[in-house]
Each structure stands twice: as structure tokens, then as C-alpha cells.
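Some notes on the structure that comes next.
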Amino acid sequence: MPQVTVLLPVYNGANYLAQAMQSVLAQDFSDFELHVLDDCSEDESARVARSSGDPRVRYSRNPERYGLFKTLNRGFEEAKTSLVRIWAHDDIMLPGGLRAFVDFAPRHPSAGMVYSDFYAINAAGERTGDDLAHVGQRVRTPEIASPLVSALLFSCYGCLPGNISTVMLRKEIWAKVGGFLTGIQQAPDYEMWVRVSEHHNIGFIREKTVELRAHPLQLGQQGHRQMTSIEEELQV
């Protein structure tokens, strides 16, 4: 039984998938299962996922198009571990990044979820410095935020993790709050974090554990063009 499950949903992400997977497989903490959840990709994602040759990699394919958040719900349902680290096909996990989360969890058992700081990169993998806009907030964000403090932080700063790739959830907490919403595009992750924070502390790792890639084809960028983020996050 591995200690943590890493969920990697992918849809037509073959261009970055191998790098995203390798950044996880190269971690110094090795007691994990990397579950690649294919949402009926039409590119080479299946071939890339299956070609790693690493026994820690599990590949599965949805029977039909689910969308990101229904796919994540399937991953949580099938996870055999309490700790579930969420990942993405276009981001890079920095050395020591997985261990930082796994070490944090037993030190802070009251944290229903944990997120970390990050570097921003562009489509070519170059650091852009866009993450520096969060410095003033991050240096004063507590390592453990109570439900009240989390509510204030969410109110002031919006979606604190910024991306699913900065988050680890306890499976029992995911189940308790009812999983991710489906049927909307932009805000189910933000809405989930808020629901978790209503009754559980939120943990923050100050270390930058990942590089988050911004590129035109990612779901968040498409949503911003359609202004769905404004409409959906207003409800949250």
C-alpha cells in the first residue's frame, strides 16, 4: 500500500505529459502511486502514460468524456490512500516537492487540505515572475489557518491555491464534503477549498514545490476568455 496517491487527469495533454510524469517519478520520496486518468484523449496521451515503464504508474481511461472535476472525483473514489496529491499534465513538480506535503500532513493532522507556494512558468517552461505578485500575501499567510482565518483569506485574495497542482487533500475530507462540483467549468476547485475550510484547518507550505505552466490551451485560460470565472466565482 503506497503512502500517497498522485492523481494526474489528462485530456489531449501529450505535449507536456511526459515531463509532468517524470517530475513526479523523479521525486526523492518514492512511496506513491501515480494514477493517470485519461478523459478520452484523442492525441498520444495514452501512449505517453503507458510508456513510462515504472510500476508506480497506473493508467485508466474514462468510458466517456467526464471533464476535469468528474475525472478527479473518480480518482478520489479509486484512491487506496488517505493522502491524495492532485497533479496536472502540464506542470512540473520540483525536487523534494512531494516529500514536503507528505511530511507536513502528520505534523498538522487538523489540516483537511494543504497547498504550497509555486513558481509561474510559460509554455516554454521559462519562469515568468508572475508568482511575485503573491509575495506580500504569502509571507504573512499562516502555516495553519482556522476556518475563520481561511474565510477572511479567501474573501480578500480569492482562490488561495491558485491551481489544483498545489493541493493535497485527505480522501476522507473529500468524501465528507461531497466531492467536486460538476457541470461548471472554472470554479469547482475554488468552491471545494471553501467547503473544506468551513469545518477544517487549511495548511500552507511556504516552500515553492511546483512550477505552474500558463499556456493558451489550458482550461483556466479558456475560462478567462469566456468570463466564466467571474460568473462562477461570484457564487462561491
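The values are calculated or read from the model by the stated rules, or taken from the named source; none is laboratory data. Only a predicted model underlies this, so the values are computations on that prediction, with no experimental measurement involved. In this analysis, Cβ positions are derived from the backbone assuming ideal geometry, glycine residues included, and neighbour counts consider all displayed protein chains. Remember, those area values only see protein heavy atoms, side chains included, never the ligands or the DNA or RNA. Shrake-Rupley method; radii C 1.70, N 1.55, O 1.52, S 1.80 Å.
Any chance you could count how many residues in the range 123-148 are in a helix (DSSP H, G or I) and either among the basic types (Lys, Arg) or open to solvent by 40 Å² or more (accessible area, probe 1.4 Å) (or both)? Don't jump to the end; show me each part of the working.
Going through the range 123-148, the residues in a helix (DSSP H, G or I) turn out to be 130-138, 147-148.
Filter again for either among the basic types (Lys, Arg) or open to solvent by 40 Å² or more (accessible area, probe 1.4 Å) (or both), leaving 130, 132-136, 138, 147-148.
Total satisfying the criteria: 9.
Yes or no, residue by residue, for (1) open to solvent by 30 Å² or more (accessible area, probe 1.4 Å); (2) at pLDDT 95 or above; (3) farther than 22 Å from VAL102 by Cα:
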{"position": "PHE180", "(1), (2), (3)": "no, yes, yes"}
{"position": "ILE184", "(1), (2), (3)": "yes, no, yes"}
{"position": "PRO188", "(1), (2), (3)": "no, no, yes"}
{"position": "VAL196", "(1), (2), (3)": "no, yes, no"}
{"position": "VAL210", "(1), (2), (3)": "no, yes, no"}
{"position": "ARG213", "(1), (2), (3)": "no, yes, yes"}
{"position": "LEU219", "(1), (2), (3)": "yes, no, yes"}
{"position": "GLN222", "(1), (2), (3)": "yes, no, yes"}
{"position": "GLN226", "(1), (2), (3)": "yes, no, yes"}
Subject >> Enumeration of residues in the range 68-122 that are part of a strand (DSSP E or B) and open to solvent by less than 10 Å² (accessible area, probe 1.4 Å) >> reply: VAL84, ARG85, ILE86, MET93, ALA111, GLY112, MET113, VAL114, TYR115, SER116, ILE121
Subject >> Filtered residues of the range 149-202 (kept if among the aliphatic types (A, V, I, L, M), in contact (Cβ under 8 Å) with a residue 60 or more places away in the chain and in a helix (DSSP H, G or I)) >> reply: ILE164, ILE173, ALA175, VAL196
**OP:** Could you check how many residues of the range 22-58 are free of Cβ contacts under 8 Å to residues at least 60 places away in the same chain, closer than 18 Å to ASP91 by Cβ and in a helix (DSSP H, G or I)?
**Re:** 5
Subject >> Failed item, numbered, when GLU231 is tested on (1) open to solvent by 70 Å² or more (accessible area, probe 1.4 Å); (2) at pLDDT 95 or above >> reply: (2)
